[in-house]
1. Hey, of (i) 0.94; (ii) 1.02; (iii) 1.08, which did the structure itself give for Cα Rg over 2.2 N^0.38 Å when calculated?
2. At what distance in angstrom do the alpha carbon centres of the stretch 261-279 and the stretch 704-752 lie from each other?
3. Roughly what would the spin-label model give for residue 735 and residue 577, points 7 Å off Cα along C-beta, in nm?
4. Quick check for you: which residues of the stretch 526-554 have the amide N under 19 Å from the point 7 Å beyond the Cα of residue 445 toward its beta carbon?
5. Tell me the relative contact order for the stretch 684-744 as a rounded percent, counting alpha carbon contacts under 8 Å between residues six or more apart.
6. With a 1.4 Å probe and all protein chains in place, put 182, 550 in order of accessible area, largest first.
7. Hey, what's the per residue convex hull volume over the C-alpha atoms of the stretch 489-633, in cubic angstrom?
8. Place +1 on the Cβ of every Lys and Arg and -1 on the Cβ of every Asp and Glu in the chain, take the dipole about the Cα centre, and give the residue among 605, 37, 812 whose Cα lies farthest towards its positive end.
Amino acid sequence: MKKLSLLLTTALLAILSFAQPSITQSVKGKLVDSDNNPLAGATISVKDHSISTVSSNEGLFLLSGLKSGKQSILISYVGLIAEEIKTELKPGETLNLGIIELNNNSKVLQTVEITGRKEKTYKNSISFIGSKTATALKDLPQSVSYVTKELMLDQGAIRVGDVVKNFSGVNQFTFYDDITIRGFRVQGGEGGVQLLNGLRTTTGFWKQPLTNFLERVEVIKGPSGALFGNSSPGGTINRVTKKPLAEKKQSLSFTTGSFNTLRALADFTGPFNNNQKVLYRINIGYENAQSFRDLQFNKNYVIAPSVSFIPNEKTKVNFDLVYNYSDSRLDRGQAVFGDSSIYSVPISKSLNQINDYLKETNYTITTSLSHQLTNRLSFNASYVRTCYEEDLLEHRSANTYAKDSANNTIPTLVEMQVFIRKRKRFVDNLSAFLTYEFTIAKAENKLVVGYDYGQEVQPFGGSQLQASGYRNNTNTAASTYNATTPAKFLYETVNGIKRPVPNVAHFDLTATSPYFIADMSKYFFVRRAFDPTKYYFGGWYIQDQITVGRFQALLGVRGETYRELVNYLKPTEKKTKTTALLPRAGLVYSVNRNINVYATYTQGFQPQTATVLANPNAGGPFDPLESNLIEFGAKSEWLNKHLVINTSVYQIKQRNTLYNAGSTTQPDSMRQVGEETAKGFEIEATGNILPNWNIMASYAYNDASITESPLAKEVGRQKPNAPKQQGNVWTKYVINKGQLKGIGIGIGGNFVTERFGSIVRSPGDDPKVLPAYSLLNAALYYQFEKFSVQVNINNLTNKTHWVGGYDYIRLFPGAPRNWLATVAYTF
């Protein structure tokens, strides 16, 4: 009986123990980054156990099922420094760890960004362009301007030309991929001035690439030869692509508006699996838009996938592809009556014909590796491959007005020519370097030793047909008109004026409807083959970032060797060689926790060979461009690091600049002047005044002039398309509580003072003046749950203005008042 009773008691206790819930412990908290933004998708786990969870979109987490007693809680997020929190849990306790801040892990991210940027405002804290390593912008002894994707979205900016107005000292030269930085021209397709993720690439020049796949656009001001080899003295443009995030996010947006604009964009990112070792991102874009310019349109297709592989904290690999196909017409600008009033012809009138087209294909493939060999030593390598293809048919001006039989110009008629062209080019760039961190006495050092290799090849297959000039007396060919041999040409009389018969019909600026389908069989063409070309360069560099107390020094030097294969792939092929030794020195002093002051000196150079100029009619040979920069400035952070204010004063000198020679027989010929100098002052403010109030503002004064020239008349003249003053402001405020929560307003504007054009009819002429302008823009926003609605109105006062120009046959007008409406869904 006693045995039975004991058995029943034991069974009852067992049943009760199974029926009674077990006592477990939990921890909870909220994760934020250094800008107090919530971190979604971070991993929270227990050391040496399989228990884990991830944080919510608000950064909140609850980790349950823990044992009582001492525990080590591990918190990790890709690209941020992991945290280990040691605590002791009591039975049944849910311990609140509060707000936990994870900081940027600059030691892991070395050459390009492997994972996406965490900041979600107009402000960006870290860049790689200034030192090739992750460096806080305030610690960099050189001016860097940037625009984040958040600002681009708020302004409805979809092209780099729309973005540059936000940079101090930067403005458009034309409406191509063509801008001015501190008075020095930077063109798409030029080696060394267009970077993608810090690597040399190329664009098509004629059309600005879309920005929907970009995280930000940034400009390092001044020559950057010590970093990138041959580079523009004004600055280097870097486009940073969007990288994968460790949290899952998807967004769709649709835009319509003026000029029959239609856009559809998509952005998807997140981890492939729970361990976040493989991350993905894909951006897709479609655009179909007309223009305020007659016959102009743009159809663009963009696909930009990106994959990051992170097997451990020491190794990170990223693969990027950006593919862009563009179907459009090439707009060579506006012409006015005979170099007279700039307002004499509507800004809408282009010089094209209906069957013109421009088809461009551009793709870049990038692979990046960052590997931590030891705690102090890391290896970084990146490679980018770019291909550009052009297929073009265009009617365009011959850069002059029509002529009568006495060789006088006819101010209402533009002499025309036709190009049919196909060509392609390939650009490769490999960058590899080691970073070693060490301490000597009290000096902390970050030493970078590396090597870059790059090349550009234009293969066989490039060819062009050109129709221009006037008909000869047998109507079998065309040539440049010469009034001293009138018997060699055919003539016609129109409106009482005797004139030579053009090969391509003149464009009548007074015609109400001057557009038609041109019969290409009626033209006499001259065939031209684009010979294959190749240049390549190699450069070694050594750089040390030294920190001693409040002082930081950046010292570097680069040895660059540039080679061009003249008569490439021909029996007469020969190799040219240009070398340069390019130093760089900068010093930063931390006045206090908010303010850093700096000084810097750096040099640059650019070869000026036929291959680089991409124009065999330019003449030459020309000496390379040589430049240097002296700059002083201050960088400061306010409002708990949410607002950044930077100022700088600088002087840039450049020798051997090329200018148009003003030849009537060879309009593409160039000449070299002695020296140019740019001196100026810049100030920029970027960030948040309040969490719901963003601002970006800039002002620049730039005296960029010719200081030495064989033509005395040019000395002291402001450089082309380089305004002495310009400024911009944009601010956005969103109501974050109450019945009007989610409603926002944006307002801003920019101004540019008058500028000179870049081409004159003859060396003694003065360049044409482009008038100053001021524009006002505004936007309305409304966000509710996962939907957002946005309306942008640009050029509110409908100001007629010109963003740039060569002369009064090739002016580049800005858009009149226009609007865009966007609906987006994020999930």
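The values are calculated or read from the model by the stated rules, or taken from the named source; none is laboratory data. Quantities reported herein were computed from a predicted structural model and do not represent experimental measurements. For neighbour counting, all protein chains shown are included, and Cβ atoms are generated from backbone atoms with ideal geometry for every residue, glycine included. Side chains are part of the model used for accessible areas, which takes the heavy atoms of the whole protein and leaves out ligands, DNA and RNA. Shrake-Rupley method; radii C 1.70, N 1.55, O 1.52, S 1.80 Å.
1. Recomputing Cα Rg over 2.2 N^0.38 Å here gives the entry labelled (iii).
2. When both Cα centres are located, 34 Å separates them.
3. Result: 7.1 nm between the two label points.
4. 541-554
5. Values: 93 pairs, mean separation 20.2, N = 61.
Once divided by the residue count of the stretch 684-744, the mean separation gives 33 percent.
6. Details: 182 0, 550 125 Å².
Ranked list, largest accessible area first: 550, 182.
7. Numbers: hull volume 39.4 nm³, N = 145.
Taking only Cα atoms, the stretch 489-633 has a hull volume of 272 Å³ per residue.
8. Farthest towards the positive end: 37.
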